Structures are given as structure tokens and as C-alpha cells.
Amino acid sequence: GQNITVKAGENVLFDEKSGEIRATKPGVLSVVQNAIKVSSKLTISGDINFSTGNIEAHDSVEIGGTVQSGFQVNAHGDLKISGGVRSAMVVSQGNVLVKEGVVGKQTIMRVAGDLDVLFVEQAGITVGGSVIIRKNAYFSRIVAGGDIVCEKEGRILGGVIMAGGNLHLGQVGSDNAAPALIAAGTDGKQYFRYEELYKEFVEKEEELEHCLQMYGHDSHHPLCQTMSEELEELRGELKGMNLATDKRADSPEELADKLRSHAISVAGLIYVGTRLRIGNVKTVLE
């Protein structure tokens, strides 16, 4: 194994000589990307609804029911939800376990650590660590800094499944669903920034063409020249973007080594039209 750098967080003492990590108060142990902390636990026996209101806790939180539509949960520690999440917002600075599904176009989840969830449907999820999907993910956007792992029987339909690490999926696609985008070794923030820039590039290209039609393709009209310069600047920015990481320090050789270390594996069927990406490299399954 490789040595890790231990980060001592709240209510923890770390003795570098002995390697011992000791809690300074009773509570729940939380390990988030090598950062270790201990926090108290807030327990809510039922649903998050009008009887509880929104929850904001500096502790770990355990919810016995479901986070209902329109409500918010913000936990600074780990979060366990025995029910599901329905068109709600969930934020955690720790790791999250959802025993049932996460559903709804209005659902937003932001997790600093890892996420373990039964199924996801039409939700937007951003995770700093890794994601385990026990069953299916339908028409959702799931972006992880680490790996995304599905059970072999699990199915991905439509949407975006994007991992900074590797993808291990069950079945991808169907005869009727819109094709999914599945990506490994890809930085989510960089990718969506690229998408925004590309959309802006296409719009400016259309504006420039309209301007040239008005003033002539050989015109040196100041408006056309300004548009052309802006377009070239955008073209250069798009060309220089590295979708594998937001760090520009990697040499081409280092970047190539990183990309070779990432993989997309599919245990079952993968359907025609699925869009595949590893970092800057993309293809469509024909």
C-alpha cells in the first residue's frame, strides 16, 4: 500500500510518532478523504417535514425516515437516511448513506465524502469521494471525484455518470432510453465549464456569420472584427482545457499516464449510442 497523509480534524489528536489517533470526546468517527474527525450525533426518528423543519447541524445526523419534498438537510458530519430523498436538498461535509432512493428533478445532493445509495432517479448529485449505487440510476447527473460503482444487476438509463476515478457499471442503456454519457478520469467542474464555453462559442459563431452576411464576408467592419477576435479567444480557451483535471501543471506524459490508469468496465449489456469519455478522449458506441 501507499502511505497516506493523515489530517486530524475536529475533536481528534494525532500522535505522529506512535501513529495513534485518539478522540478527545465521545461521538461518531468520520473519515473523509484521509481527514479524521469525531462529532456528536443528532438523531431524528421520523421524516424531515413540516414537523421538524429544515435541519442544519454541526454534528453527524441520523434520520429515521425520508427527507420530504422542499426541505433541506445540512450536516457537517456523516449523514444516514433510513428512508429516501424526495425533491429535497441534502448537503454533507462527511459521508452519506441513503437506504432508499433519491428521486426528483428538484433534488440536489452535495457530499464531501462518499455516497452509498439504493437508486437514483432524475436527481443531481455531486460527490467529492466515491459513489456506490446499489440498484439503478435513471436520467440523473451523478458526478464523483473518486470511483462510481454499481451492482452487476444495476442499470444506467440516460443522464450523465462521471467519475474522476474509474467506472464499474452493470447495464448501460436500453432500446428506448436516450443514450447516457459515461465518463471516467474526468473532472466534473472542468467538463461542465467546457460545455458552457462550447455553447457560448457556437452562439458567437452564429452571431459572426450573421454580421458577415450583413456587412459582407470581406468586410473589415469593427463589429465583425471584434466578434472574430472574441471567437478566436474562445477557440484557444477550449483547445487548452484539460478535462481530466483543473491542474495545468501536468506534462503531456504525466497526463497520458493518468488517463491510462482509468477505466470504464461494464458487467452486462451496453447499448448502441452510449457516449464514452476518459478525460479529453471521447467516442460514441456505434
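The values are calculated or read from the model by the stated rules, or taken from the named source; none is laboratory data. Only a predicted model underlies this, so the values are computations on that prediction, with no experimental measurement involved. Cβ coordinates were reconstructed from backbone atoms using ideal geometry, including for glycine residues, and neighbour counts include every protein chain displayed. What goes into the accessible areas is simple: the full protein's heavy atoms, side chains included, and nothing from ligands, DNA or RNA. Shrake-Rupley method; radii C 1.70, N 1.55, O 1.52, S 1.80 Å.
Descriptive notes on the structure:
- The listed residues are Val73, Val6, and the only one of them that is out of contact with any Cys (no Cβ under 8 Å at 6 or more places or on another chain) and crowded, with 16+ Cβ neighbours inside 10 Å turns out to be Val73.
- Meets criteria (at pLDDT 95 or above, touching a strand residue (DSSP E or B) at 6+ places or on another chain (Cβ under 9 Å) and of a type outside the set (A, V, I, L, M)) for Gly77: no
- The stretch 145-163 residues that are at positive phi, paired with ones that are of a type outside the set (Val, Ile, Thr) and open to solvent by 20 Å² or more (accessible area, probe 1.4 Å) (beta carbon under 7 Å, 6 or more apart): Gly158/Tyr138; Gly158/Phe139; Gly158/Ala177; Gly158/Ala178; Gly159/Phe139; Gly159/Arg141
- Identity of the residue in the stretch 76-87, open to solvent by less than 10 Å² (accessible area, probe 1.4 Å) and of a type in the set (Gly, Ala, Ser), that ends up farthest from the chain's Cα centre (by Cα): Gly83
- Total residues in the stretch 198-219, condition among the acidic types (Asp, Glu), surrounded by 12 or more Cβ atoms within 10 Å (Cβ to Cβ) and modelled with pLDDT under 80: 0
- Matching entry among Gly154, Gly173, Gly188, Gly128 (being small (Gly, Ala, Ser) and open to solvent by 20 Å² or more (accessible area, probe 1.4 Å)): Gly128
- Residue within the stretch 18-31 that is among the polar types (S, T, N, Q) and surrounded by 14 or more Cβ atoms within 10 Å (Cβ to Cβ) present: yes
- For the stretch 34-68, the set of residues classified as polar (S, T, N, Q), exposed (fewer than 14 other Cβ atoms within 10 Å of the Cβ) and in a loop (DSSP other than H, G, I, E, B) consists of Asn34, Ser45, Ser51, Asn54, listed by residue number.
- Taking the criterion of being farther than 23 Å from Gln33 by Cα and either among the aromatic types (Phe, Trp, Tyr) or assigned to a strand (DSSP E or B) (or both), the residues of the stretch 117-138 that qualify are Phe119, Val120, Glu121, Ala137, Tyr138.
- If the condition is being open to solvent by less than 40 Å² (accessible area, probe 1.4 Å), closer than 20 Å to Arg141 by Cα, in a loop (DSSP other than H, G, I, E, B) and out of contact with any Phe, Trp or Tyr (no Cβ under 8 Å at 6 or more places or on another chain), then the stretch 88-108 contributes Asn95, Gly104, Thr107.
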